[in-house]
1. Quick check on region A:146-153. Is at least one of its residues in contact with a Lys or Arg (Cβ under 7 Å, 6 or more places away or on another chain) and assigned to a helix (DSSP H, G or I)?
2. Has region B:69-92 got any residue that is more than 16 Å from B:ALA15 (Cα to Cα), more than 14 Å from chain A (Cβ to nearest Cβ) and touching a residue at least 40 places away in the same chain (Cβ under 8 Å)?
3. Please verify whether B:ALA60 is touching a Cys at 6+ places or on another chain (Cβ under 9 Å) and in contact (Cβ under 8 Å) with a residue 60 or more places away in the chain, treating the condition exactly as stated.
4. Select from region B:56-75 the residues that are of a type in the set (Val, Ile, Thr), closer than 19 Å to A:LYS101 by Cβ and surrounded by fewer than 21 Cβ atoms within 10 Å (Cβ to Cβ) and list them in ascending order.
5. How many residues does region A:95-105 contain that are within 13 Å of chain B (Cβ to nearest Cβ) and closer than 19 Å to A:ARG64 by Cβ?
6. Please enumerate the residues belonging to region A:43-87 that are among the charged types (D, E, K, R), surrounded by fewer than 21 Cβ atoms within 10 Å (Cβ to Cβ) and either more than 14 Å from chain B (Cβ to nearest Cβ) or closer than 16 Å to A:LEU32 by Cβ (or both).
7. Mind listing whichever residues of region A:130-150 are free of Cβ contacts under 8 Å to residues at least 24 places away in the same chain and crowded, with 17+ Cβ neighbours inside 10 Å?
8. Could you list all residues from region A:106-136 that are more than 9 Å from chain B (Cβ to nearest Cβ), more than 25 Å from A:ARG53 (Cα to Cα) and in contact with a helix residue (DSSP H, G or I) (Cβ under 9 Å, 6 or more places away or on another chain)?
Amino acid sequence: MQSNKFDTFTISESLILVNEEIETKEKIIKKLGALLFEQGFVKGSFTQAVLDREVVYPTGLKARVTGVAVPHTDTEHVKKSAVAIATLKNPIIFNGMGAPKTEVSVFIVMMLAIHDQKLVIDILRKVILIIEKDEVLKEILAANEPQTIKEIMQKHIKLVSKK
Amino acid sequence: MKKVNIIVVCGSGVAMAMHAAYKLREHLENEKIYDVFIEGTGNNNLAACIDAYDMVVSNAEVTVKTDKPIFSAIPLITGVGEEELVKEIVAKVKEIREKNNNS
């Protein structure tokens, strides 16, 4: 079996939801948080901490291709670093990062669970960089299987890791 | 020569600020600007340290009262309007550098 582990964090099919039909940002945060919790990546306090943080510091980002949200919270709520991903059938409204009064129509949610402050840069460099890569976002939106999204992520991460 | 000090600010944590700071450093190096000091911090820490910096780049709403120039960090994360932002920051860095040299 192919390993899901990158050097510092996990991306696996079991943490990816495709074309989810869900109505609110709270619901998708709870759903992705539950996946991370059930699979032992985060503590029980994680999801609530993400929800609380999203109110004060929203994470909706308007990329060229689509809206992407990156809900996350402090390292103290995380046991092992991982990224949980959902693509949405219908867009969900998140508030804009840096501009809480604005609304962003989001089709991709990438929930970041990072357990060590020292890994932050590495993980963000590999994952958040996707938000400005139009072609990668388009591929993710077009994917119909968790496996496909995992492969797209792996390909992108391999590419930026070489630099 | 005195360096131009830039503080990059994130919401509660420092994650996004560190990423934005990394990107900004790359951009400034591409523009051959090396005499800058760039650091990331959380929004809750900004009031305590803002005096030490010449410029703020933030992806959170800046609530601290200051007359220092403030730029949005969002284009560094989304890539939308990134080139324009870098141009503005480069111009501001040069302006501050000029002022430092004359004082």
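1. Taking region A:146-153 first, the residues in contact with a Lys or Arg (Cβ under 7 Å, 6 or more places away or on another chain) are none.
No; the residues of region A:146-153 include none that is in contact with a Lys or Arg (Cβ under 7 Å, 6 or more places away or on another chain) and assigned to a helix (DSSP H, G or I).
2. Checking region B:69-92: at least one residue is more than 16 Å from B:ALA15 (Cα to Cα), more than 14 Å from chain A (Cβ to nearest Cβ) and touching a residue at least 40 places away in the same chain (Cβ under 8 Å).
3. On the way: touching a Cys at 6+ places or on another chain (Cβ under 9 Å): yes; in contact (Cβ under 8 Å) with a residue 60 or more places away in the chain: no.
No.
4. Initially, region B:56-75 is screened for residues of a type in the set (Val, Ile, Thr), giving B:56-57, B:62-64, B:66, B:70, B:74.
Narrowing further to those that are closer than 19 Å to A:LYS101 by Cβ: B:62-64, B:70, B:74.
B:VAL62, B:THR63, B:VAL64, B:ILE70, listed by residue number.
5. Adding up the residues that qualify gives 6.
6. A:LYS43, A:ASP52, A:ARG53, A:LYS79, A:LYS80
7. If the condition is that a residue be free of Cβ contacts under 8 Å to residues at least 24 places away in the same chain and crowded, with 17+ Cβ neighbours inside 10 Å, then A:LYS133, A:VAL136, A:GLU139 are the ones that fit.
8. To start, the set of residues in region A:106-136 that are more than 9 Å from chain B (Cβ to nearest Cβ) comprises A:106-111, A:113, A:115-116, A:118-119, A:122, A:126-127, A:130, A:135-136.
From what's left, more than 25 Å from A:ARG53 (Cα to Cα): A:135-136.
A:VAL136, the sole residue that qualifies.
All of the numbers you see were taken from the coordinates with simple rules; none came from a lab. Keep in mind that what you see is a predicted model, and the values were worked out from it rather than measured. Glycine also receives a Cβ, built like all others from the backbone with ideal geometry; neighbour counts cover every protein chain displayed.
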